[in-house]
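Here's the structure, in structure tokens; my notes come after.
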Amino acid sequence: LVLFFLGLAMPAAADVPTDAGLAEVRDLGQLNGQALACSHTQAAARIKAIMIQHAPKTRRYGEVFEAATSKAFLAQVKKDPAVCQDEPTIASQAEALAARLQAAIPAAEPQ
């Protein structure tokens, strides 16, 4: 009976996604929230494109991105608007995160 339940648990464990790139996705979400709160629409669009192109298409990664975006947006809105980074700085940070995400999750890896 124990072996039966262990046999059922093993395939389920294989379906659990790894954490590869999850930190980068969280960082992209935080940057996205800042960009949205500061009305940097081009930077936010680029961040979304990075997510679509390079992040795994799973619920887990999407939820992490959305939660980080929301948290960062709310935190940025509470600050003085003068605290916003300029759009080129956010765009540069997004490109650095894109490179980190690509390194963490190679494109050849099946999604």
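Taken together, the values in this text are just the output of simple stated rules run on the coordinates, not laboratory data. Treat the numbers as computed from the prediction; the structure is a model and nothing was measured. Counting neighbours? That spans all protein chains shown, and the Cβs are built from the backbone with ideal geometry, glycine included.
Observations, loosely collected:
- Total residues in the stretch 71-101, condition within 12 Å of the chain's Cα centre (by Cα) and either farther than 12 Å from Arg26 by Cβ or hydrophobic (A, V, I, L, M, F, W, C) (or both): 4
- Test: residue in the stretch 68-85 that is under 21 Å from Ala20 (Cα atoms) and among the small types (Gly, Ala, Ser): yes
- Scanning the stretch 43-54 for residues that are in contact (Cβ under 8 Å) with a residue 60 or more places away in the chain and of a type in the set (D, E, K, R) turns up nothing.
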